[in-house]
């Protein structure tokens, strides 16, 4: 019944998948190990700063250090994630090997002195840079290099957040707005999985989040499986999440331009950025918006986990974190955007849950996912991330929040190298 | 900070989304209502046959009836799902209104007399046909009609299985192998959601499945969050699931050709098909592989839910269901392929769990999803379906199973109208 040719096709598929598995294995173990080292150093630095808060005063100097490190040794590594996206779309000069150690160290320095930044950019750049190096050693052609780079992004992302499936989907989805292609799906899945397993083999663990059981009356219980009232609240909140993504992406882009147009010497920019952060912290009188925002510096600090509880965030926490992070990143400090986006989303979700009389932990989770989805244009990856981090019960709300935010966040996300496949107005 | 133009874009997006919501609302309420009617009739017919098993003897005559109904009144409705996929890719003569009632009634007749078939084909055709009718009434252009048809597929699928998110992703993913485009993502989400809500408003309920808590030792517990041994077993099983998809799709295609080449009169084919089913049931001495396979005809019958328990399926149940369903569908009876694919997958998963010493309910669930993913080339939709039906805990295994099966199922799935975007060997 079955054609010989068909089984031959399966054998070819099997060979191809085994070949890619063998290629991916060392690459993603290397990426996972470096990400584990990064997460471990980050944890040390953040807690060291908690014990020595005066380190903040050296933030301008730290910025200067990072600035000159990139200027003297960086080559084109300064372009970060955008360089990787460009190289996947159209291979050019390649990604320099030095990008991985440079971004690792400068992110750790940023956090040691209290800069407000994230982790995913660093992990993605570690992934891209290591993948590029292996690609040269293995003598892969341009097309294969593109696939390996995509897998490197998947490994970095999956490893840093402990979300392997999200890592794979993110790497495929982030390249082009409005389109996912399965070109590199298998290498991405393997890479992300091995990257995550490597981090857990190094005994580095991730923060776990929890959505409380929701106990609100559903007046339509007799008719609908879903709560239509809650659904409408989710949509309204998600439009706000999308606008918060837009605000964040615009602030980062425009503040960078502003800094460069005001100061003729580029090395002044990180000094001014660092001073601004110090000033803001004085004005607010608390260090909550510095650094990563995951672990608490003191009892009662506003963090991502605290935003999942009633009263765990101030009304304007999301705006302060937006300002802190855009100042930090646009003045040349290093790190990712994603953890700050989680912070902005979770705290905004907390605020909106009060306004809309909605369950706090659910809305914090929706904000966490949706602001990230809007800013990076990866609604599907963020929906999956919701399942990997918070469980599957609310997957439909996750998807609605992520896609709604995606539609309202505009076409200029945080990655300017992203291509536009399908315009949002057409969707 | 924010450009006026940017907020104008958001207003245009909002207008566009509201416009589509207004268009989709009546369409998906109509589709959901007709699907609810279909599910209700199906339930009645299946249980009526349970009480009157002699109805099986009339299966050949029922086939004859369906054959002439389509010959005399069907126009091009006979092409079913493929016609809808074609019309979405390239609008042509449109989908006839009569497709919806014809496929509904003929599927109900197929099940009343014991034909082995599913439901999703029927629901998708109801969705496509109703969407086409509304599109004409609303005076939509070709591009908009394509979007509305896609949304109709989403509404039908989401409504029939009670899995709204899966419905939307399925409609986007099924069109082209290896590519998902967000062209119609918003209308699909709304349509699928409203379709599902409509079914639940009509008080029609779906079968629920459950994966038992897995209690197997993970020898690597100290090192890895995942169980590597289980992972390898999942991959091996999923290659088998992919080959089962390939076998199913090939059997349906080839048996149709065989029937048409052997019998000069086409009306003989359904008679022969019906007689074959009767004969097979005599040989096996039990009615387990007739009809849908969800509810049990007697205590101890092999059904999809029974396959989730140890001993709940025979070693070759999956092969018998493959034969029953390909005979039924290739001889002109109506219904979908998906529920039989669920049955084949769950029973094969049950068998493999014994062979591989793996948890039964998990492997039944993986088979359930993966055989369907392989046969329809929709691995992402099936991963999401896993979350919607079984919860999010095993989402990574769901994805690995669905993508592995997808790679091993070849390029000729059950929908011949599906285009190839990215070849599997390239992925």
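The values are calculated or read from the model by the stated rules, or taken from the named source; none is laboratory data. Quick caveat: nothing in here was measured; it's all calculated off a predicted structure. Positions of Cβ are backbone-derived with ideal geometry, glycine not excepted, and every protein chain shown enters the neighbour counts.
Structural remarks
- Residue match in the stretch A:74-86 (condition: within 14 Å of residue A:270 (Cβ to Cβ) and either modelled with pLDDT of 85 or more or surrounded by 15 or more Cβ atoms within 10 Å (Cβ to Cβ) (or both)): yes
- Residues in the stretch A:388-403 that are farther than 17 Å from residue A:346 by Cβ and in contact with a helix residue (DSSP H, G or I) (Cβ under 7 Å, 6 or more places away or on another chain): A:392, A:395, A:396, A:399, A:400, A:403.
- Residue check for residue A:330: within 14 Å of chain B (Cβ to nearest Cβ) and either in contact with a strand residue (DSSP E or B) (Cβ under 7 Å, 6 or more places away or on another chain) or surrounded by fewer than 24 Cβ atoms within 10 Å (Cβ to Cβ) (or both): yes
- Residue match in the stretch B:99-107 (condition: closer than 25 Å to residue B:324 by Cβ and surrounded by fewer than 22 Cβ atoms within 10 Å (Cβ to Cβ)): yes
- Matching entry among A:65, A:83, A:8, A:56 (being within 14 Å of chain B (Cβ to nearest Cβ) and out of contact with any strand residue (DSSP E or B) (no Cβ under 7 Å at 6 or more places or on another chain)): A:8
- Checklist (1) without any contact (Cβ under 8 Å) to a residue 12 or more places away in the chain; (2) crowded, with 16+ Cβ neighbours inside 10 Å; (3) within 14 Å of chain B (Cβ to nearest Cβ) applied to residue A:268, failing item: (3)
- Selection of the stretch A:185-199 for residues being farther than 18 Å from residue B:394 by Cα and more than 7 Å from chain B (Cβ to nearest Cβ) yields A:187, A:188, A:191, A:195, A:198, A:199.
- Where helices (runs of 4 or more DSSP H) sit wholly within the stretch A:1-99, those with at least 2 residues that are in the same structural domain as residue A:162 (by TED's automatic domain parsing) and farther than 24 Å from residue A:336 by Cα occupy A:4-51.
- Residue B:213 satisfies every condition listed in (1) at pLDDT 90 or above; (2) closer than 22 Å to residue B:394 by Cα except (1).
- For the stretch A:133-176, filtering for residues that are under 20 Å from the mean Cα position of the chain (by Cα) and outside any helix (DSSP H, G or I) leaves 5.
- Residue satisfying all of: in the stretch A:177-197; in contact (Cβ under 8 Å) with a residue 40 or more places away in the chain and not in a helix (DSSP H, G or I); surrounded by the most Cβ atoms within 10 Å (Cβ to Cβ) among these: A:180
- Residue check: residue A:59 meets all listed conditions (1) under 30 Å from residue A:142 (Cα atoms); (2) under 25 Å from the mean Cα position of the chain (by Cα); (3) crowded, with 17+ Cβ neighbours inside 10 Å but one, namely (1).
- Any hit, the stretch B:28-50, residues being surrounded by fewer than 14 Cβ atoms within 10 Å (Cβ to Cβ), within 14 Å of chain A (Cβ to nearest Cβ), touching a residue at least 12 places away in the same chain (Cβ under 8 Å) and in contact with a helix residue (DSSP H, G or I) (Cβ under 7 Å, 6 or more places away or on another chain): no
- Checking A:344, A:414, A:400 one by one, the residue that is at pLDDT below 95 and farther than 23 Å from residue A:196 by Cβ is A:414 and no other.
- Considering the stretch A:259-341, the qualifying helices (runs of 4 or more DSSP H), each wholly inside and each with 3 or more residues that are over 27 Å from residue A:174 (Cα atoms) and over 22 Å from the mean Cα position of the chain (by Cα), run over A:268-284.
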